[in-house]
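The values are calculated or read from the model by the stated rules, or taken from the named source; none is laboratory data. Bear in mind that the values here come from a model prediction, so they are computed numbers and not experimental data. Glycine also receives a Cβ, built like all others from the backbone with ideal geometry; neighbour counts cover every protein chain displayed.
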Amino acid sequence: MTYKLVITEYADELLDHILYYIFFQLKNELAVKHLLNGIENVYSRLEENPLQFPISKDTLLAQKGYHEAVVPHMNYIIIYDIQGNTVNVVGIFHQSENYQNNYLK
């Protein structure tokens, strides 16, 4: 079964901010490319089988059905839920962020 991937506006804005910071503040174009490749890899995997990633470790997020996918070789995490055959990406965060207490609750 193939799942439909939906990136929320909020998740898209978060990614824009992350990329801006890495490119313009850290001046690391290679890290931007690496992160984008990793995110594309996760997105492809989500379309194939979103259940391969675990439910969130955060109790409240888990109760709401959110899953967490770690971007390979990066410290970023993609938060999403599954509604039927649709995967909704609701946030992309650095793992050091307190994302559990932000928008997602």
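Brief remarks on what is shown
- With respect to being under 21 Å from residue 98 (Cβ atoms), among the hydrophobic types (A, V, I, L, M, F, W, C), outside any helix (DSSP H, G or I) and within 13 Å of the chain's Cα centre (by Cα), residue 69 fits the description.
- Summed over the range 14-38, residues that are outside any helix (DSSP H, G or I) and touching a helix residue (DSSP H, G or I) at 6+ places or on another chain (Cβ under 7 Å) total 1.
- Residue pairs whose Cβ atoms lie under 8 Å apart, separated by 6 or more positions or on different chains, with the first residue in the range 72-83 and at positive phi and the second modelled with pLDDT of 95 or more and outside any strand (DSSP E or B), are 73/34; 73/38.
- When the residues of the range 1-13 are filtered to those that are part of a helix (DSSP H, G or I) and in contact with a Gly (Cβ under 9 Å, 6 or more places away or on another chain), the one that is farthest from residue 75 (Cα to Cα) is 10.
- Residue within the range 3-23 that is loosely packed, with under 11 Cβ neighbours inside 10 Å and of a type in the set (Phe, Trp, Tyr) present: no
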